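Taking it in order: structure first as structure tokens, then the write-up.
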Amino acid sequence: MTRTTPRIIAIANQKGGVGKTTTTVNLAASLHAMKQRVLLVDLDPQGNATTGSGLDKRALNQNVYQVLLGEKTIADVRATSPSGGYDVVSSSRDLAGAEVELVELPDRETRLKDALSTALSQMKSAISEIAAEYDYVLLDCPPSLSLLTLNGLCAAQAVIIPMQCEYYALEGLSDLVQTVRKVRAHLNPKLEIEGIVRTMFDPRNLLAQNVSAELAKHFGDKLFNTVIPRNIRLAEAPSHGMPAIKLDPLSKGAQAYLALAGELLRREAQSRARAQNLAQTAAPEGASSAQNNNAKPVSGEVSAT
């Protein structure tokens, strides 16, 4: 079904090395394979999602930095991934210097606040201009709780959190959940946790099993059923500039991300169905109330016999 507005999802975790960019790239490719129109926005100055999509960031003169500054629109800077088929707004190393430059300026606290406000409005405005062209917009956030990550969380409707099933990752997850709550309370009341996805999972590891069980206990249906295994094809794919689904569609890693995309689509379909049921339940009540109001006797009215 064609959407009128896209589902905007930030892929975020302040801990590095948890498969965040791998998840963004392969989820984008898997959704595209399922006939969804996808835009990937690379907010990480490292630009790994850009190169992992088969684009040379050094050859791209226009990128997300110009979008955040309001100099360009997404339509101006986007490019199509030659391997994944989805559209990409590439990253730039300039993103890393932007925050440092702000800190060195006078009245940096006010400037940072103003810059955040401006950047948020620019990103939201930029996405709204191309909203009708996509079903999903995936925002690849940097591995830190920085201004850029806040940008992604504030522009998004939901966040997917990739994490390894290990102790330190569990501690970092707690910090990120608190950040999401603060962003929802003060900056973006529509933000919700779409789900937590377990990555690089090794079922032979007892600690991984224990952490997985704790996640299921504390987060319930917010934990995706799909588990991403540790897989050599997922590790090799970025060096080829393509998602795993293109490098080896039958690999366990590629199949896992296809399953994750399918689970995401089913979740949203179920959510829409619940919303429609609620609306239909409320409609007869409203109609009944209106009929009761219309049935009230009016002075001077004569009943036909």
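The values are calculated or read from the model by the stated rules, or taken from the named source; none is laboratory data. Bear in mind the structure is a predicted one, so any value in this text is a computation, not a measurement. Every residue, glycine as well, gets a Cβ built from its backbone with ideal geometry; the counts of neighbours run over all protein chains shown. Side chains included, ligands, DNA and RNA excluded: accessible areas come from the protein's heavy atoms. Shrake-Rupley method; radii C 1.70, N 1.55, O 1.52, S 1.80 Å.
Please give the solvent-accessible surface of LEU153 in Å², to the nearest 10, using a probe radius of 1.4 Å with every protein chain present.
0
Quick one: which residues, 5 or more positions from ARG7 or on another chain, have an amide H under 5 Å from its amide H? H modelled 1.01 Å from N in the peptide plane, none for Pro or chain starts.
TYR136, VAL137
Quick one: order TYR136, TYR168 from most to least accessible surface, probe 1.4 Å. Let's see the in-between values first.
On the way: TYR136 0, TYR168 160 Å².
Heavy-atom accessible area, descending, gives TYR168, TYR136.
Under the Karplus relation 6.51 cos²θ - 1.76 cosθ + 1.60, θ = phi - 60°, what is the ordered set of whole-Hz ³J(HN,Hα) values for the range 60-74, x standing for Gly and Pro?
Per residue, the Karplus-derived 3J(HN,Hα) values read 9, 7, 10, 8, 5, 4, 5, 5, 5, 7, x, 7, 9, 9, 4 Hz.
From the backbone phi of the range 234-239, what are the Karplus-calculated ³J(HN,Hα) couplings (6.51 cos²θ - 1.76 cosθ + 1.60, θ = phi - 60°) in whole Hz, Gly and Pro given as x?
5, 6, 7, 3, x, 5
Just to be sure I understand the curve: with the Debye formula and one point per C-alpha of the range 173-247, what is log10 I(q)/I(0) at q = 0.17, 0.21, 0.25 Å⁻¹?
Listed by q, the Debye log ratios stand at -0.84, -0.97, -1.07.
At 10 °C and 1.306 mPa s, grab the translational diffusion coefficient of the range 213-269 from Stokes-Einstein with a Kirkwood Rh over Cα pairs, rounded to a whole number in µm² per second.
Details: Rh = 12.5 Å.
For these conditions, the coefficient is 127 µm²/s.
Mind jotting down the distance between the C-alpha centroids of the range 234-253 and the range 142-198, whole Å?
Cα centroid of the range 142-198 versus Cα centroid of the range 234-253: 26 Å apart.
Could you tell me how far the Cα centroid of the range 7-56 sits from the Cα centroid of the range 80-96, in Å?
Result: 9 Å between the Cα centres.
So who's got an amide H within less than 5 Å of the one on ILE193, skipping anything under 5 residues away but keeping other chains? H placed 1.01 Å off N, in plane.
Excluding prolines and chain starts, which carry no amide H, the hits are VAL159.
Got a number for carbon plus sulfur as a percent of the range 121-280's accessible area, 1.4 Å probe? Walk me through the numbers on the way to the answer.
Values: 4180 of 7820 Å².
For the range 121-280, the apolar C and S fraction of the accessible surface comes to 53 percent.
In nm, to one decimal, how far is the modelled label at ALA235 from the one at ALA269, with both set 7 Å along Cα→Cβ?
About 3.5 nm, to one decimal.
Explain nothing, just compute: Karplus ³J(HN,Hα) = 6.51 cos²θ - 1.76 cosθ + 1.60, θ = phi - 60°, for every residue of the range 196-203 in order, whole Hz, x for Gly and Pro.
With the stated coefficients, the range 196-203 comes to 10, 10, 7, 10, 6, 7, 10, x Hz.
What ranking of HIS186, HIS218 comes out by heavy-atom accessible area, probe 1.4 Å, highest first? Spell out each step's value before the answer.
Values: HIS186 150, HIS218 130 Å².
Ranked from most to least accessible, the order is HIS186, HIS218.
Amide H of VAL88: which non-local residues (sequence gap of 5 or more, or other chain) have their own amide H closer than 5 Å, using H built in the peptide plane?
LEU40, ALA79, THR80, SER81
Roughly speaking, what % of Cα-Cα pairs in the range 137-180 are separated by over 13 Å, rounded to a whole number? Walk me through the numbers on the way to the answer.
Numbers: 528 of 946 pairs.
The share of Cα pairs beyond 13 Å in the range 137-180 comes to 56 percent.
Hull surface divided by four, with the convex hull built on the Cα atoms of the range 1-78: how many nm²? Before the final figure, lay out the partial values.
Details: hull surface 24.6 nm².
Result: 6.1 nm².
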